[in-house]
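Accompanying notes for the structure given below.
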Amino acid sequence: MIATTDRLLDYLADLVERIERYGAVVLQTDDDELGWGNDDRGDLLMDVRARPPLTVRSRSVQLTFQERWEPVGRDTWFRREYSYELRDHVRDYRRAFHRHDEARFVRTFDVVTHEHCEAPMGRAACAHYYCAPVASAMDALERLYDVWLTGAIPDCSALRCLD
Amino acid sequence: MNRLYYTPREVADALAISDDAVLDLINRGDLPAIRVSPRIIRVPIAAFDLWRSGFRPVRRTVTIRKTTGTLAIGEGEVLPGPRERVTG
């Protein structure tokens, strides 16, 4: 995924707007200003945390959206890594879509992305599951929010194990 | 367990409008919904209640700030090891 700086500014605003339209609460932005972090390597970092709409069940549920974009040209960024996660401490499960350590995953499994599924949390029958690339943080939001909406505990055994 | 979403049909009933009108609201991006598949659409109840109350999120201003922090994506995860090269 490639984007310009202006597009990334809109992208983050779009994500937060979508989260709030779903009735979820963005946790770390008390003011109206959101930001990309620009780290020592020159990469842009996104770290957004949200909680589903306040119900008794949602108090211990967290959605996280993390991305690392690296510069690949003049005003052009490439999404090098991502981690989109849903942790439901009430129903005791974790779902996560990841892209990181690309060379290692390609060398071992011939894939760039993978998924984690733990139910109960902390116990995984398989360390890495096959996962189609996630198009954007909005795509991840829809997929993970739907997992939470259904109220069902994920059936990790239905996923394809890479290991 | 209480359901956390409505189907488009349930939204149509609540608003006393047709199913097509609900789908039109969703397709226009007016009514928040999750398209699980081409045939399955879910409207989060919380989102519906907010939408019906007239709530619309304030568009945030996004900036880029220098940070000394970092993101440790994948840290602590058991990474796949390099496989033995197959010979012969």
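When you check B:Asp24 against the structure, is it surrounded by 13 or more Cβ atoms within 10 Å (Cβ to Cβ), acidic (Asp, Glu) and over 17 Å from A:Arg21 (Cβ atoms), yes or no? Against the criterion (surrounded by 13 or more Cβ atoms within 10 Å (Cβ to Cβ), acidic (Asp, Glu) and over 17 Å from A:Arg21 (Cβ atoms)), B:Asp24 qualifies.
The rows are residues; the columns are (1) under 18 Å from B:Ile73 (Cβ atoms); (2) touching a strand residue (DSSP E or B) at 6+ places or on another chain (Cβ under 7 Å); (3) free of Cβ contacts under 8 Å to residues at least 24 places away in the same chain; (4) not in a helix (DSSP H, G or I).
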| position | (1), (2), (3), (4) |
| --- | --- |
| A:Arg87 | yes, yes, no, yes |
| A:Arg91 | no, no, no, yes |
| A:Ala103 | yes, no, yes, no |
| A:Glu115 | yes, yes, no, yes |
| A:Ala132 | no, no, yes, yes |
| A:Asp139 | yes, no, yes, no |
| A:Pro154 | no, yes, no, yes |
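Out of A:Arg74, A:Arg68, A:Arg107, one residue alone is touching a residue at least 12 places away in the same chain (Cβ under 8 Å) and either crowded, with 20+ Cβ neighbours inside 10 Å or farther than 13 Å from A:Ser136 by Cα (or both). It is A:Arg68.
On inspection, B:Arg42 fails the criterion of being of a type in the set (Lys, Arg), surrounded by fewer than 18 Cβ atoms within 10 Å (Cβ to Cβ) and within 13 Å of the chain's Cα centre (by Cα). Closer than 27 Å to B:Thr7 by Cβ and in a loop (DSSP other than H, G, I, E, B): is that true of A:Val111 in this structure? No; evaluated as a whole, the condition is false for this residue. Per the listing A:Ala137, A:Ala119, A:Ala132, the residue uniquely surrounded by 17 or more Cβ atoms within 10 Å (Cβ to Cβ), more than 12 Å from chain B (Cβ to nearest Cβ) and over 21 Å from A:Glu17 (Cα atoms) is A:Ala119. B:Thr67: modelled with pLDDT under 95, over 15 Å from the mean Cα position of the chain (by Cα), surrounded by 15 or more Cβ atoms within 10 Å (Cβ to Cβ) and at the interface with chain A (Cβ under 10 Å from one of its Cβ atoms), yes or no? Against the criterion (modelled with pLDDT under 95, over 15 Å from the mean Cα position of the chain (by Cα), surrounded by 15 or more Cβ atoms within 10 Å (Cβ to Cβ) and at the interface with chain A (Cβ under 10 Å from one of its Cβ atoms)), B:Thr67 qualifies. Candidates are the residues of the stretch B:15-29 that are assigned to a loop (DSSP other than H, G, I, E, B) and within 14 Å of chain A (Cβ to nearest Cβ); the one that is modelled with the highest pLDDT is B:Arg28. Going by the conditions given, is A:Leu144 in contact (Cβ under 8 Å) with a residue 40 or more places away in the chain, more than 9 Å from chain B (Cβ to nearest Cβ) and part of a strand (DSSP E or B)? When the stated conditions are applied, A:Leu144 does not pass them.
Residues in the stretch B:45-64 that are crowded, with 17+ Cβ neighbours inside 10 Å and at the interface with chain A (Cβ under 7 Å from one of its Cβ atoms) were compared, and the one that is modelled with the lowest pLDDT is B:Arg60. Confirm whether B:Ala47 is in contact (Cβ under 8 Å) with a residue 24 or more places away in the chain and in contact with a helix residue (DSSP H, G or I) (Cβ under 8 Å, 6 or more places away or on another chain). Spelling it out, it is not the case that B:Ala47 is in contact (Cβ under 8 Å) with a residue 24 or more places away in the chain and in contact with a helix residue (DSSP H, G or I) (Cβ under 8 Å, 6 or more places away or on another chain).
Is at least one residue of the stretch B:1-14 facing chain A (nearest Cβ under 7 Å), assigned to a loop (DSSP other than H, G, I, E, B) and surrounded by fewer than 10 Cβ atoms within 10 Å (Cβ to Cβ)? Taking every residue of the stretch B:1-14 in turn, at least one turns out to be facing chain A (nearest Cβ under 7 Å), assigned to a loop (DSSP other than H, G, I, E, B) and surrounded by fewer than 10 Cβ atoms within 10 Å (Cβ to Cβ). Could we say that B:Pro32 is part of a loop (DSSP other than H, G, I, E, B), in contact with an Asp or Glu (Cβ under 6 Å, 6 or more places away or on another chain) and not aromatic (Phe, Trp, Tyr) here? It is false that B:Pro32 is part of a loop (DSSP other than H, G, I, E, B), in contact with an Asp or Glu (Cβ under 6 Å, 6 or more places away or on another chain) and not aromatic (Phe, Trp, Tyr).
With respect to the stated conditions, B:Phe55 fails to be part of a helix (DSSP H, G or I) and aromatic (Phe, Trp, Tyr).
The values are calculated or read from the model by the stated rules, or taken from the named source; none is laboratory data. In this text the structure is predicted, and so the values were computed from the model without any measurement. Every residue, glycine as well, gets a Cβ built from its backbone with ideal geometry; the counts of neighbours run over all protein chains shown.
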